[in-house]
Amino acid sequence: MGYDDISEELTNYMDSIKEDVVTGRISLLELELNPIFDQLKESLSVYNIFNYSQTYQQACDLLSLKFEELKNLLNHLDNDEIFLQFLKSNPNDNEIEQILGNCWRTVFHLESISPEFMSYSNTRFSKDRVLTEKIEHIRKEQIGGSFLLEIPRQKFTEKMMDFYKKIKKKLPCKFDELFDGIQDQVEVYEYFVYILHLLQIGLFKYQKATTIIYE
Amino acid sequence: MKMNEISILMHLLSRRVSLYEFGATEDELLKYLNIKGKNKHVYLKKLIIDLSNYIEPLGYNIKFNPLNFYWYISIKSEISDMFKTNPFEGHPSLAATLFCTLACCLKNEGCTQIQEIIKLRKKKNLSEDLKDLSKKGYLLIDHKQNEIRLTPLIGYQIDLNQLIMNLALKKSKANAQY
């Protein structure tokens, strides 16, 4: 990060401001002095502090001039008369609207969370909400006949080994050929699961490149 | 404890009391916050400053309406500009009538004769403008007395200090030209 010495540049700028103020071209009240102080602050370092202290003093002089100008302005304000004096210059409607231009401001109000609203809501909800629904306990139903869930006659391993015995004769063969002649998709899925398990326990082997299943 | 006070203060300053009144007076704030004792005003000012610092980064300011002595919350001018806060945009005639009413009322401690506004405005009839301004809540018309009274609404919506500053700058520029 570099710390340039911009004190001379700022001094020249402030001199030009002073000249404009003296000749009446500008009013210090219309000028922002913050950028001068910001630039001084941002570029200050131990290397340029001597020059900067003088520039800072000059900026402070300008600031006190601005305060002086504001003080003079406030001293000369006669609130009632100043309105009438402006109207005496016969301004048109647009000129009057312009003078109000930067004076408008918006009021912030939150009706929805005001204490009055909350108090109103509290009363309303307490009165209007009547609990009519009752919670009834469920009675245990008497179930007759057989149990709903059917238990498979054979265990998974037995069914899988039956399938293994059945297709053992076909091996080696292509993976697709194991499903030849099976139309039912549920059956296909069931056999596929058996094949996966058989591969896992090592009864089958699978060659990825040729998709052949062998023992 | 402090947060509760700040919450109550926020509620009181952001409430709408009537068509033309927002916020709360100092007495109301002291009453609702239950601040008592010799230094109650100092303590309240400190609370207001604390809340002001708290909400300032969000673009809000705490302001004082000199017309009815209410404290309230206002949206910062840079943010207000984005929302186009001028309620008379495209209606310069209404703005001009309000300005003249303000000028007359400031001179006569809050109320004025309709005739005086008409004279200042250099118009034959202002009844429509005055009716509109009354509807918007800026003034109250007393037809019997032929009198107009400003409501505090203008003190909320217009930065009077800024307006006086604008007028003074205009005057000083005009003086510099001659």
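Since every read-out is calculated from the coordinates, none of them should be taken as a lab result. On a predicted model such as this, the values are computed, not experimentally measured, just so you know. Reconstructed Cβ throughout: ideal geometry from the backbone, glycine too, with neighbour counts over all protein chains shown.
Over region B:13-61, what portion of Cα pair distances is larger than 18 Å, expressed as a whole percent?
Of all Cα-Cα distances in region B:13-61, 40 percent exceed 18 Å.
If one takes the longest principal axis of the Cα atoms in chain B, at what angle in degrees, from 0 to 90 and to the nearest 10, does the Cα axis of helix B:92-107 lie?
It works out to around 70 degrees.
Mind listing the Cα extents of region B:50-149 along all three principal axes, in Å, largest one first?
The Cα atoms of region B:50-149 stretch 49, 30, 20 Å along the principal axes, largest first.
What does the C-alpha gyration tensor say about the overall shape of chain B? Classify as rounded when a/c is under 1.5, otherwise prolate if a/b is larger than b/c, or oblate.
prolate
At 222 nm, what value in deg cm²/dmol follows for chain B if DSSP H runs of at least 4 each add -39500 (n - 2.57) and the sum is divided by all its residues, to the nearest 500?
After summing the helix terms and dividing by residue count, I get -16500 deg cm²/dmol.
What range in chain B is the longest one free of trypsin sites (Lys or Arg not before Pro) that are in a loop by DSSP and have at most 12 other Cβ atoms within 10 angstrom?
B:39-83
Using θ = phi - 60° and the Karplus relation 6.51 cos²θ - 1.76 cosθ + 1.60, list the HN-Hα couplings for region B:133-147 in order, rounded to whole Hz, with x at every Gly or Pro.
Each residue of region B:133-147 in turn: 5, 5, 4, 6, x, 7, 8, 10, 9, 9, 5, 5, 8, 6, 10 Hz.
Counting other Cβ atoms within 10 Å of each Cβ, which GluC sites (Glu not before Pro) in region B:70-162 have at most 15 and sit in a DSSP loop?
The qualifying sites are B:Glu89, B:Glu109.
Going through region A:11-53, which GluC sites (Glu not before Pro) have at most 16 other Cβ atoms within 10 Å and a DSSP loop state?
Passing both the DSSP loop test and the Cβ count: A:Glu32.
Using DSSP to call loops (not H, G, I, E or B), can you name the chymotrypsin sites (Phe, Trp or Tyr not before Pro) in region A:4-65 whose Cβ has at most 12 other Cβ atoms within 10 angstrom?
Sparse-neighbourhood loop chymotrypsin sites (Phe, Trp or Tyr not before Pro): A:Tyr47.
Whole-Hz Karplus ³J(HN,Hα) for region A:201-215, in order, using 6.51 cos²θ - 1.76 cosθ + 1.60 and θ = phi - 60°, x for Gly and Pro?
Listing the rounded values in order: 7, x, 6, 10, 10, 10, 9, 4, 5, 9, 6, 9, 9, 9, 8 Hz.
Quick check: the angle from helix B:2-13's long axis to the longest principal axis of chain B, C-alpha only, nearest 10 degrees?
In chain B, helix B:2-13 runs at an angle near 20 degrees to the longest axis.
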